[in-house]
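Colleague: I have a structure I would like to understand better, so I am pasting it below and will then ask my questions one at a time.
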Amino acid sequence: MSALILGLLMFLGMHSARIFADGWRSQVIAQRGAGAWKGLYTVVSLAGFGLIVWGYGQARLAPLVLWASPVWTRHLASLLMLLALVLLVAAYVPGNGIKARLHHPMVLGVKAWAFAHLLANNTLADLLLFGGFLVWAVLDFGSARRRDRAAGTVFAPGRAGATALTVALGAGLWAAFAFWLHAVLFGVRPFGG
């Protein structure tokens, strides 16, 4: 469990620099350059991610169950994952209306992903992993919106075609994960079987 916790602290800590230490981040960039910051950010994030994957895998070998998860929570989680993957795709498809309206769809997708997995899973490792990401996403979304307001950021309006493409790609990614990739990558079939 300690590897999972250390990984979360490293990964989410680096991803929280703009939330809690934007001045320090700006100072490092001013003194060392953007490349040095990106290098540090990448190395610490990758090391943290590796520890999260390894630590979570180890924790799954001897899970500490905290509560009972009714079957219906898996169905609700699946629906939330559809939303999460559409939001993820919305961060990358140019000119879509979802990004135009929500401004930071990837962070909202992380919220939906984390909440969905908290609903469907019930161990201490799940609480640490998905709860940690949920708390981070809530804080990061608020921070990003405050930065947008302070900078007077204006988002371009979305186009219907780009929005339809976003939803179609997100639904396709959801289907790939639900029926194949989740089992291949994580050894768990969301729909049983």
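Rule-based calculations on the coordinates, nothing more; no lab input. This structure is a prediction, so every number in the text was calculated from the model and none was measured. Glycine gets a Cβ as well: all are built from the backbone with ideal geometry, and neighbour counts include every protein chain shown.
Colleague: Amide H neighbours of residue 123 under 5 Å, at least 5 residues apart or on other chains, H built in the peptide plane: list them.
Modeller: When sequence neighbours closer than 5 places are left aside, the close amide H contacts are 66.
Colleague: How many angstrom lie between the Cα centre of the range 9-23 and the Cα centre of the range 102-165?
Modeller: Answer, in whole Å: 16.
Colleague: Classify the chain as rounded, prolate or oblate from the Cα gyration tensor: take a ≥ b ≥ c as the square roots of its eigenvalues, call it rounded if a/c is under 1.5, otherwise prolate when a/b beats b/c and oblate if not. Don't skip to the answer; put the middle values down first.
Modeller: On the way: a/c = 2.03, a/b = 1.16, b/c = 1.76.
Oblate.
Colleague: Based on C-alpha coordinates, I'd like the Rg and Dmax of the range 93-181, in Å.
Modeller: In Å, with Rg to one decimal and Dmax whole: 15.4, 43.
Colleague: Connecting C-alpha atoms closer than 10 Å in a GNM of the chain, tell me which of 29, 52, 19 has the biggest fluctuation.
Modeller: Comparing 29, 52, 19 in the GNM, the peak value goes to 29.
Colleague: How much mean residue ellipticity at 222 nm does the chain get from its helices, if each DSSP H run of length 4 or more adds -39500 (n - 2.57) and you divide by all residues, to the nearest 500 deg cm²/dmol?
Modeller: Values: 10 runs with 147 residues, N = 193.
Helix-only estimate at 222 nm: -25000 deg cm²/dmol.
Colleague: I'd like to verify something in the chain: which complete DSSP H helices, judged by Cα projection on the helix axis, reach 30 Å or more and average at least 0.5 on the Kyte-Doolittle scale?
Modeller: Working: long enough: 34-61 (40 Å, 0.79); 124-151 (40 Å, 0.61).
The answer, listed by residue number, is 34-61, 124-151.
Colleague: Related question: Just tell me the longest site-free run in the chain, where the sites are chymotrypsin sites (Phe, Trp or Tyr not before Pro) in a DSSP loop having at most 16 other beta-carbon atoms within 10 Å. Mind showing how you got there, number by number?
Modeller: On the way: sites that count: 67, 92, 155, 191.
Maximal segment without exposed cleavage sites: 1-66.
Colleague: So, one more: Rounded, prolate or oblate: which one fits the range 1-83, using the alpha carbon gyration tensor with axes a ≥ b ≥ c (rounded when a/c is under 1.5, else prolate when a/b beats b/c, else oblate)?
Modeller: Prolate is the answer for the range 1-83, as a/c is 1.5 or above and a/b outweighs b/c.
Colleague: State, as an integer percentage, the relative contact order of the chain based on alpha-carbon contacts under 8 Å between residues 6 or more apart.
Modeller: Reported relative contact order: 25 percent.
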